[in-house]
Amino acid sequence: MKIAIVAALEAELSHLKERIGPLEAVPCPGGAFHTGHIGPHEVALVRLNIGKVNAACKTQAVIDRFHPALIINTGIAGALSPDVHVLDTVIGTQLGYHDFDPALMGSFPPYVQSFAADAQWVHAAAQAADAQKIPWKKGPITTGDLFVSSHADKERIYGSTGALCVEMEGCAVAHTAFLNEIPFLILRAISDSADDAAETDYDTFEQKAADRSAQLLLALLMQAV
């Protein structure tokens, strides 16, 4: 199966690059992506860079060049729900924006307020997390062009979305996959609590959280034959 694995940061891909190879560079607008294999799957490892526009543009470019049957976005996020803690993993079921009025989204193409992840892959990810004894939750994830680092912003976004966590690319990846009729899965490990201590926690836990998300992804792809 051809799978595009996309992430905003090099830190979110480094754990994967260390465990697969050889990798082949494929020229692409916005920077080359790399292809290789994980188990039986042919994969493209793609750095998106941060933010919704970068994520959507690079995801579309990889779709056009690699033609994946599945898109998985791995990475880190800030916790919104009090039930989600640093280094927990969130398996996204619905992806929405916190900085785009959902009523407007529903009134104009593509006429949806959020994007549903592929249910079979959500279930498989939960099984893989259990097998690896990785703490996980599944539920909605929200995306916007803001690094959430204040209690006030956290409460506002959680109150309006009910999402488990917040990040900056997932819904743009989901949106692009939806328009191309490609199933997708969004995985996030928690690096901080999206509050006044977020910047300090992020610096401390960024790589550990990125590796945790990648660990789940590797386990998922090795079992999903």
Name the single residue, out of those in segment 80-108 being surrounded by fewer than 18 Cβ atoms within 10 Å (Cβ to Cβ) and of a type in the set (D, E, K, R), that is farthest from Gln132 (Cα to Cα). Asp101
Could you go through segment 68-82 and let me know if any residue there is of a type outside the set (Ser, Thr, Tyr), over 24 Å from Tyr158 (Cβ atoms) and without any contact (Cβ under 8 Å) to a residue 60 or more places away in the chain. no
Filtered residue count, segment 46-74, keeping only those that are among the β-branched types (Val, Ile, Thr) and more than 16 Å from Phe184 (Cα to Cα): 2
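With the requirement that a residue be part of a loop (DSSP other than H, G, I, E, B), farther than 15 Å from Leu70 by Cα and in contact (Cβ under 8 Å) with a residue 12 or more places away in the chain, what does segment 1-38 give you?
The initial filter retains those residues of segment 1-38 that are part of a loop (DSSP other than H, G, I, E, B), namely 1, 8-9, 18-23, 27-32.
Right, trim to farther than 15 Å from Leu70 by Cα and you get 8-9, 18-23, 27-32.
Those that are part of a loop (DSSP other than H, G, I, E, B), farther than 15 Å from Leu70 by Cα and in contact (Cβ under 8 Å) with a residue 12 or more places away in the chain: Ala8, Leu9, Arg19, Ile20, Gly21, Pro22, Leu23, Cys28, Pro29, Gly30, Gly31.
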Test each condition in (1) closer than 19 Å to Ser149 by Cα; (2) of a type outside the set (Ser, Thr, Tyr); (3) buried (at least 24 other Cβ atoms within 10 Å of the Cβ) for Leu48 and report the one that comes out false. (1)
Among residues of segment 136-151 being over 16 Å from the mean Cα position of the chain (by Cα) and crowded, with 19+ Cβ neighbours inside 10 Å, the residue modelled with the highest pLDDT is Val148
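Of everything in segment 36-45 that's under 19 Å from Phe184 (Cβ atoms) and surrounded by 17 or more Cβ atoms within 10 Å (Cβ to Cβ), which residue is nearest to the chain's Cα centre (by Cα)?
Leu45
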Yes/no for Ser213 being surrounded by 24 or more Cβ atoms within 10 Å (Cβ to Cβ) and of a type in the set (Gly, Ala, Ser): yes
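The values are calculated or read from the model by the stated rules, or taken from the named source; none is laboratory data. This structure is a prediction, so every number in the text was calculated from the model and none was measured. We place every Cβ from the backbone using ideal geometry, glycine too, and count neighbours over all the protein chains shown.
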